[in-house]
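Take a look at the structure below.
The values are calculated or read from the model by the stated rules, or taken from the named source; none is laboratory data. Predicted model, so just to flag it, every value in this text is computed and none were measured. Neighbour counts run over all protein chains shown; Cβ positions are idealised from the backbone, glycine included.
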Amino acid sequence: MMIKKYSLLLLFCGGMQGVWGQGVSYALARYRSTILTDIHYELAFHLPAQKQTAVQGEERLLFHLAGNSLAGSAGSGGVAAPLLLDFKAPAEALYRVRVNGRSVHPVITNEHLALPAELLHAGADTVELGFTAGNPALNRNSDFLYTLLVPDRARTLFPCWDQPDLKAVFTLTLTAPAGWTVMGNAPLEDSTAMGDSCRYRFRPSDKIPTYLFSFVAGKWSSTTQTVDGRPMRLLYRETDSTKLRLSLDSIFRIEGQALHFMQEYTGIAYPFQKLDIVAVPDFQFGGMEHVGAILFKASSLFLDSGATREQFISRSNLLSHETAHMWFGDLVTMTWFNDVWMKEVFANFMADKISKITLPDGNYDLKFLVDHYPAAYSVDRTAGANPIRQELDNLQDAGSLYGNIIYNKAPIVMRQLELLVGTGAFQQGLRDYLQAHEYGNAGWPDLLQALQRYTKVDLTAWNAVWVDGTGRPVISFQTPGTHSGIDHRVVQRGEDGSRRLWPQVFSLALVYPHGIDTISVNMNARFVSIAAALRKPGLERIVPDANGYGYGIFEVHDHFTQWLLEDGMGRLGPVTRAAAYINLYENMLDGKAVTPEQLLAFDRQALTREPEELDLNQLLDQLGSIFWRFLTPAERKAAGPGLEADLWQTMLRVPAGNEKKLLFRSYGNIVLSKKGEDRLYDIWKDRHPPEGVKLSEDDYTGLAAALALRVYPGYTDILREQGERIQNSDRKARWQYLQAALSADTAVRDRFFASLQDPAARRKEAWVLTALSYLHHPLRTAYSEKYLAASLDWLQDIQHTGDVFFPQSWLAASFGYYQTAGAAKIVTDFLQRHPDYNPKLKAKILQATDNLFRARRIMK
Ligand SMILES: [Zn+2]
């Protein structure tokens, strides 16, 4: 363990009030886990029809206390010190406390309620509480709400022991307005109509941690299908009949396949009482794996026939990811949130395997590569890079652990580990681990131990660099010509200049006049000779990372881009091509081998002849990034017309609808010419897309926004008419919210930005992020630079009041497209003014502003 050990003695010196600060510290959590068992929450919430009216709650908390094991002077019942319940709420929110039948004056100190030792006894105890539930985790809308308690927000909703290793049974009662639908972790026991409301009682839940407790209520449509032999209910608010018709069966089918796969792979039958799903409009995550009631972002589930292959794969992955969590995370839960990455990596790891079944025609090595590598590099290349496994002293900072390293580097590392240990042995190790800890808790050391039994590889050394370390190797090639006395060999060194080793297996493509050989390189040392593989005469070129497994920056040789265009693209497979594109982009960011202008020129030509959709998407992504991040406004003006023409012509020419759509989106993203804007306007006005391109309502909404950002003549009418075209009430409300951020009137935008200082105005995080992308659109950065200082000043508050992904998404949406010295200075000044800033948040700032500082270095 890397986490500090506190002395338990502290607990008994002067009581706990002074020792325990806010949040849930690691030491407090460890202490409580030694004394508490058999926890049962009986919870009742009264949900009013008006979202302004407070939600009232009642709680009966039953538990077993191992009081007599404590040292020190015991109270009358044998318990030494007060027992802290977590409740992050204003003082007046708690109005009734009874401990074992005796009333206690309700006082909240440092987000805790102290249960007096003299009223507790070793053995069974009961605490009764009356309280006003906090709103932050209730996600209340006018006619629906859903709870989202991960990682430590259960304590804002009701008094509890908010730590993942105190699993409990929850028996929930909800009173809701008549006509609402409700869902919880457990099946419904009964319901009773009571005038204009209705009371729903749920059965006792399975044993779950507080962060997985959840309920949903409100006006929802509902449908049920039988999935892998069990009934599964779906709640949704989508009204687009085409999307529903094209999506509902697919959603249930994928769920069924995911369930089936997980049961087979783990050897453990679905471990909970029921499994239902909810499609939440503008959900702030992709999904959340609440036991028995998984929440999903609705727009990721409901696709129409215009959806790209990328979107279909993402949907399959998302459904599979959350379903895999039922075993990894829900059945076996991390002991402490420092190991939250484990449940995420295995959910992704399983999702990749499941999608091979749900979408059998995909190229999964290609998908894995384009999904995970660019995203992992986007953090690991920065000065703010974090290791996969991080320390966590207090649960209130758990949100800062999440990010691309957990979601994207960890799967890469896990795939390398599976390769190293062997597929069968790896599966056996996972099964042992799940069976040993089912319905309980375990951590990474437990899994390493389970795997070590099946391999001779030293997992401790492997773990030190890949899981506990940060950064990437630079991998280069030496030939006898360049250094005397040596053979052909592959060399690795740290990107940071260090001599660390990243043991990994990747492959090289050896290009000969009449074919390509692929060789595997076990890169387990600083120098690895490949001379033996190069004996065949006529070697033309070595293309690095042919199978896309390699992690790091691979040195590119002279004229590589020219060779790719003239010869390589036609001869290399789609995975090798995508690895080459990604690697070229990394070389550009490093200021090596290729400049932004050169890579843009390459991407432009490559996109006209790239036949594979995922490769094309990769090219278009990096093309958009180079265009907006690494060209000056003058260079954009010069490059724009040619680029627009290439994208438009290629879109007309390619046969596949999905590729047409990707090219059209990319075109709409970079359009700056009058001709291009007129074209977008005509398409929007007549709702008449180019031949073969299918556009959805969301696409037209995007077009209207793009025209407004370009201050197209009559744009206010365009925005208004788009609002009238939108029928779904949730999407209508979203569009209304976004109007101020789209306005050409800077005073309106200033007021909107200023309003974001208030946490209440930031509650709908998905909306805020879209609004920020408009405020800080690259066409507006010159004006909006003045928002950056405040965006940093508010960051700590944003972390305290927002959901886990919000601080980093806030930073990314704010700083994503700046390139000036002025913007860079705002960041450096801020960091200098705050030398003791929260290190995890500082790392997020360094991650989000990395492109800004690179732009300063690599733009001429
Ligand atoms: Zn997850």
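Report yes if F144 is buried (at least 21 other Cβ atoms within 10 Å of the Cβ), over 19 Å from N394 (Cα atoms) and touching a Gly at 6+ places or on another chain (Cβ under 7 Å), otherwise no. Please lay out each step first, then the result.
Working: buried (at least 21 other Cβ atoms within 10 Å of the Cβ): yes; over 19 Å from N394 (Cα atoms): yes; touching a Gly at 6+ places or on another chain (Cβ under 7 Å): yes.
Yes: the conditions hold for F144.
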- Task: For F87, indicate whether it is under 30 Å from K732 (Cβ atoms), modelled with pLDDT of 95 or more, in contact with a Lys or Arg (Cβ under 7 Å, 6 or more places away or on another chain) and buried (at least 20 other Cβ atoms within 10 Å of the Cβ).
- Result: no
- Task: Inspect the stretch 742-761 for any residue being under 27 Å from N394 (Cβ atoms) and either among the charged types (D, E, K, R) or in contact with a Lys or Arg (Cβ under 7 Å, 6 or more places away or on another chain) (or both) and give the result as yes or no.
- Result: yes
- Take F368 and decide whether it is more than 14 Å from the ligand (Cβ to nearest atom) and outside any strand (DSSP E or B). yes
- Considering only residues of the stretch 676-700 that are under 32 Å from the mean Cα position of the chain (by Cα) and in a loop (DSSP other than H, G, I, E, B), which is nearest to E238 (Cα to Cα)? S696
- Query: Are any of the residues in the stretch 300-310 surrounded by fewer than 24 Cβ atoms within 10 Å (Cβ to Cβ), of a type in the set (G, A, S) and closer than 26 Å to F144 by Cα?
  - Reply: yes
- Task: Determine, yes or no, whether S673 is among the polar types (S, T, N, Q), within 28 Å of L738 (Cβ to Cβ) and under 30 Å from the mean Cα position of the chain (by Cα).
- Result: no
- For the stretch 386-395, how many residues are away from the ligand (no atom under 16 Å from the Cβ) and buried (at least 21 other Cβ atoms within 10 Å of the Cβ)? 5
- Message: Can you tell me which residue is modelled with the highest pLDDT among those in the stretch 260-284 that are surrounded by fewer than 20 Cβ atoms within 10 Å (Cβ to Cβ) and either among the acidic types (D, E) or within 16 Å of the ligand (Cβ to nearest atom) (or both)?
- Response: E264
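Show me the helices (runs of 4 or more DSSP H) found entirely inside the stretch 721-824 where at least 2 residues are more than 23 Å from L846 (Cβ to Cβ).
Numbers: elements: 729-742, 746-755, 765-775, 781-784, 788-793, 795-801, 806-815.
Filter on the stretch 721-824 gives 729-742, 746-755, 765-775, 781-784.
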- Message: Take R500 and tell me if it is surrounded by 13 or more Cβ atoms within 10 Å (Cβ to Cβ) and assigned to a loop (DSSP other than H, G, I, E, B).
- Response: yes
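One line per residue, one yes/no per condition, for (1) closer than 16 Å to P387 by Cα; (2) away from the ligand (no atom under 16 Å from the Cβ); (3) free of Cβ contacts under 8 Å to residues at least 40 places away in the same chain; (4) touching a Ser or Thr at 6+ places or on another chain (Cβ under 7 Å):
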| residue | (1), (2), (3), (4) |
| --- | --- |
| G403 | yes, no, no, no |
| I406 | yes, no, no, no |
| V421 | no, yes, yes, yes |
| Y433 | no, yes, no, no |
| N441 | no, yes, no, yes |
| Q452 | no, yes, yes, no |
| D458 | no, yes, yes, no |
| N463 | yes, yes, yes, no |
| W466 | yes, yes, no, no |
- Query: How many residues does the stretch 503-523 contain that are closer than 11 Å to V490 by Cβ and either surrounded by fewer than 15 Cβ atoms within 10 Å (Cβ to Cβ) or aliphatic (A, V, I, L, M) (or both)?
  - Reply: 5
- Task: For the stretch 132-174, enumerate the residues that are part of a loop (DSSP other than H, G, I, E, B) and β-branched (V, I, T).
- Result: T147, V150
- Item | Residue in the stretch 378-385 that is away from the ligand (no atom under 16 Å from the Cβ), buried (at least 19 other Cβ atoms within 10 Å of the Cβ), assigned to a helix (DSSP H, G or I) and polar (S, T, N, Q) present | yes
- Number of the exception - A740 against (1) surrounded by fewer than 17 Cβ atoms within 10 Å (Cβ to Cβ); (2) under 20 Å from T781 (Cβ atoms): (1)
- Query: Taking only pairs six or more apart or across chains, which ones have beta-carbon atoms under 9 Å, a first residue in the stretch 80-103 that is at positive phi, and a second residue that is among the polar types (S, T, N, Q) and in a strand (DSSP E or B)?
  - Reply: N100/T126; G101/T126
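When the residues of the stretch 224-249 are narrowed to those that are among the charged types (D, E, K, R) and assigned to a loop (DSSP other than H, G, I, E, B), which ends up modelled with the lowest pLDDT? Working first, answer last.
Our first condition is that a residue be among the charged types (D, E, K, R); within the stretch 224-249, this holds for 228, 230, 233, 237-238, 240, 243, 245, 249.
Keeping just the survivors that are assigned to a loop (DSSP other than H, G, I, E, B) gives 228, 237-238, 240.
Details: D228: 84, R237: 97, E238: 95, D240: 93.
My answer is D228.
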- Message: Checking the structure you have, find out if any residue of the stretch 250-259 is within 16 Å of the ligand (Cβ to nearest atom), part of a helix (DSSP H, G or I) and among the acidic types (D, E).
- Response: yes
- In the stretch 811-860, residues that are among the hydroxyl-bearing types (S, T, Y) and touching a residue at least 60 places away in the same chain (Cβ under 8 Å) total 1
- Query: Pairs, please: C-beta under 9 Å, at least 6 apart or cross-chain, first residue modelled with pLDDT under 50 and in the stretch 10-31, second of a type in the set (V, I, T) and in a loop (DSSP other than H, G, I, E, B)?
  - Reply: L10/V19; L11/V19; C13/V19
- Taking the options K844, K860, K840, name whichever one is charged (D, E, K, R), under 17 Å from the mean Cα position of the chain (by Cα) and modelled with pLDDT under 95. K840
- Item | Residue check, Y549 over 14 Å from F602 (Cα atoms) and not polar (S, T, N, Q) | yes
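Output the number of residues of the stretch 400-441 satisfying the condition of being outside any helix (DSSP H, G or I), more than 24 Å from P209 (Cβ to Cβ) and at pLDDT 95 or above. Show your work before the answer.
Kept after step one, since they are outside any helix (DSSP H, G or I), are these residues of the stretch 400-441: 402-403, 422, 438-441.
With the extra rule that they be more than 24 Å from P209 (Cβ to Cβ), the set shrinks to 422.
Those still in the list that are at pLDDT 95 or above too: none.
Qualifying residue count for the region: 0.
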- Please verify whether the stretch 472-494 includes one or more residues that are closer than 25 Å to D339 by Cβ and surrounded by 18 or more Cβ atoms within 10 Å (Cβ to Cβ). yes
- Message: Return the pair list, or none, for Cβ contacts closer than 7 Å from residues in the stretch 265-289 that are over 15 Å from A351 (Cβ atoms) to residues that are of a type in the set (K, R) and modelled with pLDDT of 95 or more, at least 6 apart or on different chains.
- Response: G267/R431; D276/R233; V280/K297; P281/R237; D282/R734; F283/K297
